[in-house]
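Student: Below is the structure I would like to discuss, written out as structure tokens.
The values are calculated or read from the model by the stated rules, or taken from the named source; none is laboratory data. Quick caveat: nothing in here was measured; it's all calculated off a predicted structure. FYI the Cβ positions are ideal-geometry reconstructions off the backbone, even for glycines, and counts take in every protein chain you see. Heavy atoms of the whole protein, side chains included, go into the accessibility calculation; ligands, DNA and RNA do not. Shrake-Rupley method; radii C 1.70, N 1.55, O 1.52, S 1.80 Å.
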Amino acid sequence: MSEAVRTLIVAEDPLARAGLMAMLTQTAGVFVVGQAGEEGASDAVRAFAHLEAVLWDLGWMSDGPLPALTQFIETHAVPVVVLLADPAFVGAVRAAGVRGLLRRTASAAQIAAALQAVIHALFVFDETLLTGMSTAMTLAAVELAEPLTGRELEVLRLLAEGLSNKEIAHALGISEHTAKFHVNAILAKLGAQSRTEAVVKAMRAGLIWL
């Protein structure tokens, strides 16, 4: 992973905030600078210097619209990744202007990857939330030197989860040398200089989803 994304956690439920804090504090690629309720989100943004992203847990929301979230996004330039429980509100949440949308059950690795992506001006949406919907987002074109093989796509997905070459080798039942070979091939085909850049470019190209 690249440098940790300085992240503010926002949630009305203090238990949800504490749970996310505990989970992400141990996660590579994320540095939690603080937490706040919805009403205190704007003050928190001003309080923490060099804030890069916001992780906003909407909890078990039962109605819309989303005034606090919408006003926050209209006021602040910091990208927001939302955790959503009910797919029925996907349209309203996307309309608010979020850059990332994940299920509340998302893993720490998925959240970290989404935060890394949004600070690179990408949109990240859990495809299971978008089933049956028209995804009106434009992904920047990424030209591949040549198509990735099936095995390379498997390795790419594991890269997106932050696994090392050794961990990838173990997960796929291959040697570490072979895993390194596949990683180098992926970087070359995507024209990336690092593993994180490869993941970002792959998401931009629509090769992988969180």
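Student: For the range 85-104, state whether one or more residues are closer than 24 Å to Gly29 by Cβ, out of contact with any Lys or Arg (no Cβ under 9 Å at 6 or more places or on another chain) and part of a helix (DSSP H, G or I).
Tutor: yes
Student: Just wondering, is there one or more residues in the range 81-91 that are open to solvent by 40 Å² or more (accessible area, probe 1.4 Å) and touching a strand residue (DSSP E or B) at 6+ places or on another chain (Cβ under 8 Å)?
Tutor: Within the range 81-91, not a single residue is open to solvent by 40 Å² or more (accessible area, probe 1.4 Å) and touching a strand residue (DSSP E or B) at 6+ places or on another chain (Cβ under 8 Å).
Student: Tell me which residues, restricted to the range 3-17, are open to solvent by 50 Å² or more (accessible area, probe 1.4 Å) and either without any contact (Cβ under 8 Å) to a residue 24 or more places away in the chain or farther than 15 Å from Ala36 by Cβ (or both).
Tutor: Within the range 3-17, Glu3, Pro14, Leu15 meet the criteria.
Student: With closer than 21 Å to Leu84 by Cβ and not charged (D, E, K, R) as the only criterion, which of Ala49, Ala22 stands out?
Tutor: Ala22
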